[in-house]
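The values are calculated or read from the model by the stated rules, or taken from the named source; none is laboratory data. Predicted, not measured: the structure shown is a model, and the values here were computed from it. Glycine gets a Cβ as well: all are built from the backbone with ideal geometry, and neighbour counts include every protein chain shown. For the accessible areas, the whole protein counts, side chains as well, though only heavy atoms, and no ligand, DNA or RNA atoms are used. Shrake-Rupley method; radii C 1.70, N 1.55, O 1.52, S 1.80 Å.
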Amino acid sequence: ALRSYEYIQVSEPRPGVAQITLNRPKALNALCTPLIRELNTALREAQASPTVAALVLTGSERAFAAGADIKEMAPLTFSEAYTTSFIESWSDLTSFLKKPLIAAVSGHALGGGCELALMADFIYCTANANFGQPEIKLGTIPGAGGSQRLTRAVGKAKAMELILTGKSFSGEEAERWGVAARVFNTYEELMEGTLKTAEQIASYSKVAVQGAKEVVNKSQDLPLRDGVEYERRVFHSLFGSQDQKIGMKAFAEKKKAEWKNE
Ligand code: HXC
């Protein structure tokens, strides 16, 4: 049975697909520490679940997440933030989550909300989604990877402008600039399109999907030559999987592949 939480909801709306919905409507899904703790628990459970092959992270139509919880952060001292490694656990998912995660963004995705979306493997959004890193207006800076991931996504010039001015950008711009993979006109279309894509990914060999995610993510960390070599090693290793044999045999026989996930 799916566990129940205070600040998030977990469902399995399609075969192989887990959906995590941020659910703190009174604060536009501001990401307080207990919410992040619940999110990490749910993500770890989805990672461990044999019935889950792809994940969707979303918020409400009005807000994906309006940022870290400003009221919680306001009184923090340097030594508290430093010694508790405040915010570090937000990025845990980028290490332990081997299954693909799609962020479906509608409404506000600001500050830590934008950063959380950027930690997903890719973003789908609505045209009028509202992305941004407004931390500068609060006397601080992005703290959950925004200066790094947004810069890799849009390039230095745009990232610097966005982070220094705090001005937001639309879902349409996000798609045009390569922050989002696809843009939809309505919230309903966004959710339908996201679940459809997640279901498609979940229909493939789990072994191959994990390998694909791993090598694309390596491109963000490694120099090109090392990244290409890393890819080739993983590609070679997949000849050791049964699913590679199953997939290629099914193609030759014009049949649908029945994956063993082995
Ligand atoms: C705590 C928040 C919040 C936040 C909204 N709320 N964002 N509470 N932290 N980040 C609360 C409001 O206080 C309000 O509570 C309720 O949610 C509804 O918000 P409103 O402002 O009334 O809604 P609206 O007028 O529609 O404006 C929406 C908004 C605005 C433009 C998104 O709420 C806003 O600017 N929020 C802050 C955005 C931001 O600066 N995010 C970055 C945070 S810093 P009440 O009780 O009054 O009803 C950050 C640092 C990241 O994320 C670094 C490490 C992760």
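Name the residue farthest towards the positive end of the dipole of the chain from the options 47, 207, 117, assuming +1 on Cβ of Lys and Arg, -1 on Cβ of Asp and Glu, about the Cα centre.
Final value for the positive-end residue is 207.
From largest accessible area down, sort 191, 248, 160; use a 1.4 Å probe on the protein chains.
Accessible-area ranking of 191, 248, 160, largest first: 248, 160, 191.
On a 1.4 Å probe surface of the protein chains, which of 93, 164 comes out largest in accessible area, and what is the full order?
164, 93
Could you pull the accessible area for residue 36 with a 1.4 Å probe, rounded to 10 Å²?
It works out to around 10 Å².
Tell me the net charge near residue 13. Cut-off is 14 Å between Cβ atoms, residue 13 excluded, with +1 for each Lys or Arg and -1 for each Asp or Glu.
Counting the neighbours of residue 13, the net charge comes to -2.
So how do 52, 154 rank on accessible area, 1.4 Å probe, biggest first, that is with the largest at the start?
Details: 52 0, 154 30 Å².
Highest to lowest solvent-accessible surface, that is 154, 52.
Going by a ≥ b ≥ c, the root eigenvalues of the Cα gyration tensor, does the range 37-85 fall in the rounded group (a/c under 1.5), the prolate group (a/b larger than b/c) or the oblate group?
Values: a/c = 4.88, a/b = 1.64, b/c = 2.97.
Oblate, because a/c is 1.5 or more while a/b does not exceed b/c.
Keeping every protein chain present and rolling a 1.4 Å probe, give me the accessible area per residue for the chain in Å².
In whole numbers, the chain has 54 Å² accessible per residue.
With a ≥ b ≥ c taken as the square roots of the eigenvalues of the C-alpha gyration tensor of the range 101-199, please select rounded if a/c is under 1.5 and otherwise prolate if a/b is larger than b/c or oblate if it is not?
Since a/c reaches 1.5 and a/b is larger than b/c, the shape of the range 101-199 is classed as prolate.
Quick one: net charge around residue 136, please, counting Lys, Arg +1 and Asp, Glu -1 for every other residue with C-beta under 13 Å from its C-beta.
Local net charge: 0.
With a point put 7 Å past each Cα toward its Cβ, work out how far residue 229 is from residue 176 in nm, to one decimal.
Each label point lies 7 Å from its Cα, and together they span 4.1 nm.
Which of the lysines could a cross-linker span from residue 158 if the Cα-Cα distance has to be under 18 Å and same-chain partners fewer than 8 positions apart are dropped?
Those lysines meeting the cut-off are 137, 167.
Under a Cβ-Cβ cut-off of 15 Å, what is the net charge of the residues other than residue 147 that fall near it, where Lys and Arg count +1 and Asp and Glu count -1?
For residues surrounding residue 147, the net value is +1.
Pairing the Cα long axis of helix 242-252 with the longest principal axis of the chain, what angle in degrees results, from 0 to 90 and rounded to the nearest 10?
Orientation of helix 242-252: about 70 degrees from the principal axis.
Compute the Cα gyration tensor for the range 50-146, then decide on rounded, prolate or oblate, letting a ≥ b ≥ c be the square roots of its eigenvalues: rounded whenever a/c is under 1.5, prolate when a/b is larger than b/c in the other cases, and oblate in all that remain.
It is oblate, given that a/c is not under 1.5 and a/b is not larger than b/c.
Setting aside same-chain residues fewer than 8 positions from residue 98, which lysines have a Cα under 21 Å from its Cα?
196, 206, 213, 218, 260
Round to the nearest 10 and report in Å² the accessible area of residue 204, as given by a 1.4 Å probe over the protein chains' heavy atoms.
Roughly 100 Å² of residue 204 is accessible to a 1.4 Å probe.
Over what distance in Å are the Cα centres of the range 154-170 and the range 39-64 separated?
28
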